[in-house]
């Protein structure tokens with residue numbers, strides 16, 4: 001085998017449709033454009049979402065709700081998850097970089113510590129926000145919270 005006798009696998013390639021090459025080709029005459037109308041003319045271009053005059057989908061479906069452009073979205077991390085990490089890696093401090101490295105959050109996220117579960121290890125936790133229950137639980141065992 002060499003470069004001169006390489007060829008694609010059987011049935012993997014098809015010949016393109018040659019349009020407008022006589023009636024014998026099966027695609028002559030109107031050249032697959034049908035009869036008359038804007039679509040048969042040269043230079044025809046329909047608008048995005050145009051459905052031939054029928055009311056388009058984006059106008060049939062009602063507008064609902066409101067998207068607040070100033071919303072701040074946090075990724076929640078619960079105390080039971082933090083406790084599990086603290087036990088597994090015997091930690092004294094958990095910061096944003098540690099959470100990124102262990103797949104809890106991505107680098108563009110804002111982190112909020114949530115109060116589900118129990119925490120028994122004294123930790124210094126650094127995050128963007130804390131719920132009142134999480135902050136109370138961390139500080140009750142002698143830990144500290146640092147808001148980034």
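Some observations on this one:
- Condition broken by residue 59, with the remaining ones in (1) under 30 Å from residue 38 (Cα atoms); (2) buried (at least 17 other Cβ atoms within 10 Å of the Cβ) satisfied: (2)
- Within the range 115-142, tally of residues that are within 10 Å of residue 82 (Cβ to Cβ) and either loosely packed, with under 13 Cβ neighbours inside 10 Å or free of Cβ contacts under 8 Å to residues at least 40 places away in the same chain (or both): 2
- Any chance residue 39 is part of a loop (DSSP other than H, G, I, E, B) and more than 30 Å from residue 139 (Cα to Cα): no
- The set of residues in the range 92-112 that are within 11 Å of residue 143 (Cβ to Cβ), surrounded by 13 or more Cβ atoms within 10 Å (Cβ to Cβ) and in contact with a helix residue (DSSP H, G or I) (Cβ under 9 Å, 6 or more places away or on another chain) contains only 94.
- Residue check, residue 46 assigned to a loop (DSSP other than H, G, I, E, B), under 34 Å from the mean Cα position of the chain (by Cα) and either at pLDDT 90 or above or exposed (fewer than 12 other Cβ atoms within 10 Å of the Cβ) (or both): yes
- Selection within the range 72-90 - touching a residue at least 12 places away in the same chain (Cβ under 8 Å), closer than 19 Å to residue 135 by Cα and either assigned to a helix (DSSP H, G or I) or out of contact with any strand residue (DSSP E or B) (no Cβ under 9 Å at 6 or more places or on another chain) (or both): 79, 80, 81, 82, 83, 85, 86
- Any hit, the range 19-26, residues being in contact (Cβ under 8 Å) with a residue 12 or more places away in the chain and either surrounded by 10 or more Cβ atoms within 10 Å (Cβ to Cβ) or on the phi < 0 side of the Ramachandran plot (or both): yes
- Test for residue 104: is it in a loop (DSSP other than H, G, I, E, B), free of Cβ contacts under 8 Å to residues at least 60 places away in the same chain and touching a strand residue (DSSP E or B) at 6+ places or on another chain (Cβ under 6 Å): yes
The values are calculated or read from the model by the stated rules, or taken from the named source; none is laboratory data. Small disclaimer: the values here were computed from a predicted structure and weren't measured. Cβ sites come from the backbone with ideal geometry, for glycine too, and all protein chains shown count toward neighbours.
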